[in-house]
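Read through the structure below, which is laid out as structure tokens, and then see the notes.
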Amino acid sequence: MTNTESASGEAIRETVARPELTLAAVAVVQFMVSLDLSVVNVGLPQIATGLGFGEVGLTWVIHAYALTFGGLLLLGGKIADRYGHKRILTIGLPVFGLACLLGGFAQEPGQLVAARAVQGVGAAALAPAALALLSRAFPSGKPRVKAFGVWSAMNAAGGALGVLIGGLLTQYAGWRWVMFVNVPMAAAALVLAWRGIAPDRPVARRGRPDVLGAVLATGGMTLLVFGIVRTDRFAWTSSVTLTTLAVAALLLAAFLYVEKTTTRDPLIRLGLFGNRSVAGANAYNLLLGAAMASSFYFVSLYLQDVLGHGPALTGVQFLPFALGVVVGSVIAIKLGYRFPARDLLLGGGVLTGAGFAWFGMISAHGSFAADVLGPSIVTSIGFGLCLAPVVSTATVGVAPHETGMASGMLNSTRQIGASLGLAVLGTVANNRTGDRTGADALTDGYGLGLTIGAVLLAAAVLIALAVLPRTSVAAPAQGQPGRELVPEGN
């Protein structure tokens with residue numbers, strides 16, 4: 001770097017008179033993005049009634065956001081690096097806010113699903129840009145550690161409190177407010193960003209972003225989920241299902257070919273998967289995301305449709321789960337300095353799987369205390385134990401200039417796993433219920449879905465045993481706050 005470039009960089013940093021505004025903007029953005037992964041769950045029955053969704057089609061309210069968010073996350077990071085983090089953040093916020101506004105006014109299922117998809121596009125631009133801006137505003141020392149601690153807390157709080165907030169809003173203001181609530185947050189973050197974030201620095205562009213790869217990956221995953229959820233209408237062996245899944249497989253194969261041969265800046269360098277820590281952590285994370293997204297969905301519907309609880313009470317009943325995640329995360333950080341990440345992933349996976357198996361025993365004539373509270377505590381503590389180790393493991397042995405790519409890939413596998421898991425388990429549960437009605441039929445389906453969640457966690461534990469190296473370090477080293485991004489959104 002020349003002296004002129006260095007001086008220019010220092011001048012830009014000096015234009016940020018109040019870096020705390022940058023932290024506030026980023027905190028609001030991260031809370032909002034995480035919130036929207038779970039805030040609609042409790043409102044799903046009311047959304048279905050209000051807009052006329054079918055049992056399986058209703059899952060697309062969740063799929064649409066998770067798929068575009070996860071599928072475009074890597075591209076969002078590349079574009080933010082290329083065109084400026086502040087610029088992309090200030091473009092993404094109005095897109096996200098407008099999508100929420102339009103979703104709140106939706107009059108039919110397709111309109112709400114489309115709005116949720118656009119929300120995911122906005123989130124895919126916001127999340128990586130916000131994190132990069134935080135790194136720039138707090139380059140080192142204790143302020144950086146504190147800033148990333150706030151970021152991590154907001155990330156976890158958004159996902160954990162989303163169900164509670166969604167329940168209160170749905171019961172006392174109407175389900176449309178689970179969409180409207182994001183609008184003032186997006187507006188506040190935009191004002192904070194304009195006032196507190198320094199202008200973007202000029203950057204050297206290595207190559208054009210891999211737009212084709214992003215389109216192929218997102219299209220392939222969307223078709224894969226679409227083919228699975230439509231098995232309620234078209235059998236697995238039908239020509240419609242087989243054709244849809246075959247096209248999805250072709251698009252995903254084309255994505256891998258493009259990533260291997262492109263002359264552009266690839267979304268994923270496939271050689272990263274030669275690193276056992278990266279490959280194992282992402283496979284584990286995919287299954288973990290699939291199981292956890294399904295648990296929120298099934299337990300929320302069980303509490304409302306079977307036990308007859310209102311949205312607000314259902315949201316409150318998710319508080320033990322939220323607190324359990326916090327407890328598990330704190331335990332993981334303390335144990336992480338004494339035990340390898342692999343050991344914590346094994347223990348956390350076994351505990352989470354045991355909680356799912358317990359959940360699978362729900363009764364149509366049960367209660368919150370007997371059927372939900374106990375497994376919620378076990379599952380959430382196990383989940384919290386997994387969060388820090390899986391994030392730190394995903395960057396072990398990765399070159400410094402590729403840690404962003406590796407982190408983005410881990411976020412993507414979580415979101416894609418959530419969408420695929422909900423598609424498969426939601427379809428299986430619906431098929432088990434069949435044409436039967438009543439609490440017994442619904443509970444039968446929900447219980448099966450939760451039991452399969454336990455099977456997914458068992459598979460994740462086997463992956464940790466077989467793939468992950470024994471010496472992975474679970475906790476980030478002091479002075480490396482960039483790796484302390486422990487609690488992720490559900």
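What follows draws every value from the coordinates through simple rules; no lab data is involved. Since we're looking at a predicted model, the values are computed, not measured. We place every Cβ from the backbone using ideal geometry, glycine too, and count neighbours over all the protein chains shown.
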*In terms of the ratio Rg/(2.2 N^0.38 Å) built on C-alpha atoms, what value belongs to the chain?*
0.93
*Could you tell me which of rounded, prolate or oblate describes the range 275-490, using a ≥ b ≥ c as the square roots of the eigenvalues of the alpha-carbon gyration tensor, with rounded for a/c under 1.5 and, failing that, prolate when a/b is larger than b/c and oblate otherwise?*
prolate
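Before rounding to the nearest 500, sum -39500 (n - 2.57) across all DSSP H runs of length at least 4 in the chain and divide by the residue total; then give [θ] at 222 nm in deg cm²/dmol.
Per the formula, -24500 deg cm²/dmol.
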*Extension gain Thr49-Leu319, at 0.36 nm per residue separation less the Cα-Cα distance, in nm?*
94.6 nm
_Protection-proxy order for peptides 385-397, 307-319, each taking the mean of Cβ atoms within 10 Å per residue, highest first_ = 385-397, 307-319
*Label-to-label distance, nm, for residues given as Ala279 and Ser239 (7 Å Cα→Cβ offset)*: 3.9
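Tell me, in nm to one decimal, what length is gained between Gln107 and Phe339 on full extension, where the rule is 0.36 nm per residue of separation less the Cα-Cα distance? Could you put the intermediate results ahead of the total?
Values: separation 232, 0.36 × 232 = 83.52 nm, distance 5.26 nm.
This chain segment gains 78.3 nm when fully extended.
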*Quickly rank 446-457, 83-94 as a protection proxy: mean count of other C-beta atoms within 10 Å, highest first.*
446-457, 83-94
_Spin-label proximity, Ala441 to the range 34-60 - amide N less than 14 Å from point 7 Å beyond Cα toward beta carbon_ = 55-56
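Using mean Cβ contacts within 10 Å as the protection proxy, how do 326-336, 287-297 order, highest first?
On the way: 326-336: 18.7, 287-297: 26.8.
Taking the mean over residues of other Cβ atoms within 10 Å, the ranking is 287-297, 326-336.
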*Which angle between 0 and 90 degrees, to the nearest 10, do you get for helix 276-301 versus the longest principal axis of the chain when only C-alpha atoms count?*
40
